[in-house]
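**Student:** I am attaching a structure below and will ask some questions about it afterwards.
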Amino acid sequence: MIYLGNNDGKKLTYEGSGEKAFISNYNALIDMYEGLPSKPKILLVIPPAILKCFKGFTADPFFQKDFVNVFTKKAIADIAAERKLGLIDFAKGLGGEGGPDEDKWCT
C-alpha cells in the first residue's frame, strides 16, 4: 500500500514542490515498487480528509486543507486509474468528504 498525502499537504512541502512534483514523485515511487523482483501488488490510498474538527490539522497553519482534501484525492485516484492499480479511499471510509456536511463526521 502506498499511502501519501496528509504530510504532503504541509505548506512548506506543498509550496516547495507543488502539484506537478507530487504527481511525478508519486509515479516514481510506484515505478520503484513495480521494478522489484518480488512484483508486489500495489494499492494506492487516498488519505482521510482534513475536517474542521481535526484540531491538530485545521489549527496548524502549515497544512493546506484543500491540497489534501481536493488535489491529492483526485490526483491519487487519477494515477490509480491510469496505471490500473487498486485504490483504497480512506477519505470516504474514515472521515467523510469534507464540505458542507462535514459536521456529521465530527460528532
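**Student:** Only one of these is at pLDDT 70 or above and in a helix (DSSP H, G or I): 14, 33. Name it. Write out each step before concluding.
**Tutor:** Values: 14 fails: at pLDDT 70 or above.
Matching residue, one of 14, 33: 33.
**Student:** Give me a count of the residues in the stretch 73-107 that are surrounded by 11 or more Cβ atoms within 10 Å (Cβ to Cβ), modelled with pLDDT under 85 and not charged (D, E, K, R).
**Tutor:** Selection size over the stretch 73-107: 8.
The values are calculated or read from the model by the stated rules, or taken from the named source; none is laboratory data. All values reported here derive from a predicted model rather than from experimental measurement. Note that each Cβ is placed from the backbone with ideal geometry, even for glycine, and that neighbours are counted across all protein chains shown.
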